[in-house]
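The values are calculated or read from the model by the stated rules, or taken from the named source; none is laboratory data. The structure presented is a predicted model; accordingly, all values stated were derived computationally and were not measured. Note: accessible area is taken over every heavy atom of the protein model, side chains too, but ligands, DNA and RNA are not part of it. Shrake-Rupley method; radii C 1.70, N 1.55, O 1.52, S 1.80 Å.
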Amino acid sequence: VGYVSGEPQELELFEGERIIQVSGKYTHYIQSLIFVTSNGRSLRVGEASGHSFNMYPTHPDAELRFLSGSVSGPPTSIQAHWAIFYTEITDN
């Protein structure tokens with residue numbers, strides 16, 4: 001969820017879809033974020049100005065599990081945490 005020009009934006013993931021890349025721009029704080037899914041869809045929020053950054057998992061089956069960071073008013077840093085999510089189905 002984010003805001004573009006004051007309008008709320010939301011990216012609802014489809015069954016089996018996952019976030020596989022987070023990129024954006026920063027100056028003294030995070031200016032913009034782009035979330036890219038395994039289906040090639042994306043959500044862009046913020047103003048695209050400043051220096052670029054790009055985060056993605058090193059394992060091809062990993063997905064974004066959560067974001068962390070720090071704030072001093074606006075967000076000043078961001079860290080993506082990636083993991084492989086397994087669901088085990090048992091037939092008892």
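Divided by 2.2 N^0.38 Å, where N counts the residues, the Cα radius of gyration of region 34-91 comes to 1.43.
When the surface is traced with a 1.4 Å probe over the full set of protein chains, residue 37 keeps roughly 0 Å² accessible. Under 1.5 on a/c is rounded, so check that first for region 1-62, then, if it is not, pick prolate when a/b is larger than b/c and oblate when it is not; a ≥ b ≥ c are the square roots of the alpha carbon gyration tensor eigenvalues. Because a/c hits 1.5 or more and a/b fails to exceed b/c, region 1-62 counts as oblate.
Per-residue SASA remark: residue 53, around 40 Å² accessible (1.4 Å probe; ligands, DNA and RNA not included).
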